Amino acid sequence: MNNNCIFCRIIAGEIPAAKLYEDEDMIIIRDINPMAKVHLLLIPKEHYADIIEMTEAQSVTLARCLKKLSTLTDTLGLAEGFRLVSNKGQNGRQSVGHLHIHIIGGEKLSENMA
Ligand code: DGP
């Protein structure tokens with residue numbers, strides 16, 4: 001855990017968040033600033049900044065998280081489809097330095113990815 005990391009503090013229960021799912025690998029919460037009807041964040045519990053820092057073992061855990069997500073889409077309101085985004089660095093406009101994947105859906109999304 002990194003005490004300066006807002007997502008580590010949410011995972012530890014120190015900061016409240018709308019947690020929709022939790023297991024030993026990850027939490028899924030509602031984004032505080034939603035950009036679509038459904039805007040969730042899949043956050044691995046281990047602290048690392050992004051896929052560049054990610055170890056092989058962490059990549060295996062992340063794959064397990066994504067596979068689990070595939071079983072949760074109906075209950076999360078994503079049955080009609082969704083978009084996964086992970087911002088990295090300044091150009092990607094990453095604002096929280098703990099790897100997370102935005103899960104965006106609940107409506108027809110814009111074609112514009114940028
Ligand atoms: P990014 O810019 O890709 O690093 O995304 C960070 C996201 O995290 C951003 O969409 C807003 C969200 N966020 C930041 N702080 C909090 C918080 O305290 N609670 C929740 N639920 N979301 C947060």
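Would you mind ranking LYS68, LYS45 so that the residue whose beta carbon has the fewest other beta carbons within 10 Å leads the list?
Working: LYS68 15, LYS45 18.
Ordered from fewest to most neighbouring Cβ atoms within 10 Å, LYS68, LYS45 come out as LYS68, LYS45.
Work out the count of Lys pairs in the chain where the Cα-Cα distance is under 20 Å, with the pair 8 or more places apart or on different chains.
Numbers: LYS19/LYS37; LYS19/LYS45; LYS19/LYS67; LYS19/LYS68; LYS37/LYS108; LYS45/LYS67; LYS45/LYS68; LYS45/LYS88.
The number of close lysine pairs in the chain is 8.
Give me the distance in nm between label points sitting 7 Å out from Cα along the Cα-to-Cβ direction at GLU107 and TYR21, one decimal.
Taking the two extended label points, one gets 2.3 nm.
Ranked by Cβ crowding within 10 angstrom, fewest neighbours first, how are VAL60, VAL96 ordered?
Working: VAL60 11, VAL96 14.
Fewest-to-most ranking of VAL60, VAL96: VAL60, VAL96.
Bin width 10 Å, origin at 0, all Cα-Cα pairs of the chain: what percent of pairs per bin?
So the P(r) values, bin by bin, are 13, 47, 35, 5.
Per DSSP H run of at least 4 residues, take -39500 (n - 2.57); add these up for the chain, divide by its residues and hand me the 222 nm value, nearest 500 deg cm²/dmol. If you can, show how the numbers build up before the last one.
Working: 2 runs with 23 residues, N = 114.
That comes out to -6000 deg cm²/dmol.
How many nm separate the modelled label positions at CYS5 and ILE32, each set 7 Å beyond the Cα in the direction of the Cβ?
Result for the modelled spin labels: 1.7 nm.
I want the local charge near ALA57. Using Cβ-Cβ distances under 15 Å, sum +1 for each Lys or Arg and -1 for each Asp or Glu among the other residues. Let's see the in-between values first.
Working: positive: LYS45, ARG64; negative: GLU24, ASP25, GLU46, GLU53, GLU56.
Taking every Cβ under 15 Å from that of ALA57, the sum is -3.
Any read-out appearing in this document is the output of simple, stated calculations on the displayed coordinates, not a laboratory observation. Remember, it's a predicted structure, so these values are computed and weren't measured experimentally. Please note: Cβ atoms are built from the backbone with ideal geometry, for glycine as well, and neighbour counts cover all protein chains shown.
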